[in-house]
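Participant: Got a structure here, written out as structure tokens. Questions coming.
Read-outs: derived from the displayed coordinates by stated rules, not from any lab. Quick caveat, the model's predicted, so the values are computed rather than measured. Neighbour counts are summed over all protein chains in view; Cβ atoms, including those assigned to glycine, are modelled from backbone coordinates with ideal geometry.
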Amino acid sequence: MLASGVAFAGPKVLAVRAWPGKAYTRITIESDAELKFFVTTLANPDRAVIDLSDVAADAAFQQALSTLRNDTGVLTRARIGQFRPDLARLVLELNARAETAAFVLPPVGQYKHRLVIDLTPRDADDPIAAFLAKIIEREAQLERAEEEARGKTPIAPPALATPSAANAPIAAGKTAPTPEAAKPPVAAPPSRVTSGKKPVPAVKPFVVVLDPGHGGEDPGAIGPAGTYEKDVVLAIAHKTRLLLEQDKRIVVFMTREEDVFIPLADRVKKARGVNADVFVSIHADAFTRPDAAGSSVYALSERGATSAAARWIADKENQSDLIGGVRLAGRDPALAKMILEMSQSITNADSLKLARGMIAEIQPVNQLHKKNVEQAGFAVLRSPDVPSILIETAFISNPVEEKRLASASHQLKLARAIRGGIRRFLLAQPVRS
Ligand SMILES: [Zn+2]
């Protein structure tokens, strides 16, 4: 029997954190030794029950739990009790049915042992499906706008005459011209033909994927004044999206819109799932020396990093999965490699073009750390068929740049530059004939 007041020899709970999101809510229990756990779910009302072996439901655990706020996504309340002398029972009260997954992570970076509990609401919106619906809506808008423009302006202005295609159906006067045939070729937006993709209708909007780095449990780099990389890059991405979507031919998908952790492979999967034309990952750099400064733009290299610094940065950004915590590490590396080799080389050329244009746009806004495109093996850039770059906007480890990164006006300047770099690339795509 365990007398009250006697200290447990088992793991000590150090902190409990919650990361609520639209997609899922993550609860992290940090402890000084690995937690042994067992999960069950109950309905009416919906609950997730986590039994923790050799853990004391003591004041420290209660205190850690009390830091959870009540407006945390699917989680409404968390309570802990000593179910048996050797078993603490954590009950998570939910406001909806949710899939519950739990796993442990070994110590990494600033974190000790962690038990991660992911609660995914059964009726959670699929962000990709919602985005694809948005693209269809935008296509319809563009189509309507084009039809309207055709109604108001002469169908084939003499200066732009391409008689055979544009005039023939009109001259026949019997059937309405198809949108394709009636379209003056010069007025058509450039096609999205990249890297062997099939040509798509000219009214199809460009799809830009913005990828704010890190999030949730993974703060990214932390500035000397305490600014988190994950927060500034999210703010810059939101601003970039607003600016880009002023052009109705562009729709923007963000790999995360909130403070939530998304594994690197899922970011790539999302970009491919929405059939992206470009993928731009946004980060802030950190270095041990506080005077390191300036922006850098990276493209993927499978052959090796162009510099030791590039390799160092890539290793650091690739660590995100270890820090943020990925549930299933097992993926198929052989298959991934094969797909990569099939189409990577074409995309690499496009990625380099995108990166060079981006450097030209960023240069007037922020000094450059590297004047040339750097190449390294970033996991997040591994879409074989999507031109992809990673921008290190500035050094958050530099006190001057940290301050600038945190200011809304400088974020907006960077967002304008990123928009400029993306548009420069998209609008330079060959015009479909
Ligand atoms: Zn980063």
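Participant: Give me Asp46, Asp211 ranked fewest to most by other Cβ atoms within 10 Å of their Cβ, as a rough exposure proxy.
Facilitator: So the ranking, lowest neighbour count to highest, is Asp46, Asp211.
Participant: Counting other C-beta atoms within 10 Å, which of Val39, Val209 has the fewest, and how do the rest follow?
Facilitator: Going from sparsest to densest Cβ surroundings: Val39, Val209.
Participant: Sticking with this one: How do Tyr298, Tyr228 rank when sorted from fewest to most other Cβ atoms within 10 Å of their own Cβ?
Facilitator: With the sparsest Cβ surroundings first, the list reads Tyr228, Tyr298.
Participant: Another question, if that's okay. Just order 24-33, 401-410, 118-127 by mean Cβ neighbour count inside 10 Å, highest at the front, would you?
Facilitator: With the highest mean Cβ count within 10 Å placed first, the list reads 24-33, 401-410, 118-127.
Participant: Starting with the highest mean, order 50-60, 134-144 by the number of other Cβ atoms within 10 Å, averaged over the residues of each peptide.
Facilitator: Most protected by this proxy first, the peptides run 50-60, 134-144.
Participant: Right, something else. Hey, got the Cα dimensions of segment 13-121 along the principal axes, in Å, largest first?
Facilitator: Ordered largest first, segment 13-121 gives principal extents of 33, 31, 22 Å.
Participant: Once you order the gyration tensor axes a ≥ b ≥ c over the Cα atoms, which shape class does segment 74-137 get: rounded for a/c under 1.5, otherwise prolate or oblate by comparing a/b with b/c?
Facilitator: oblate
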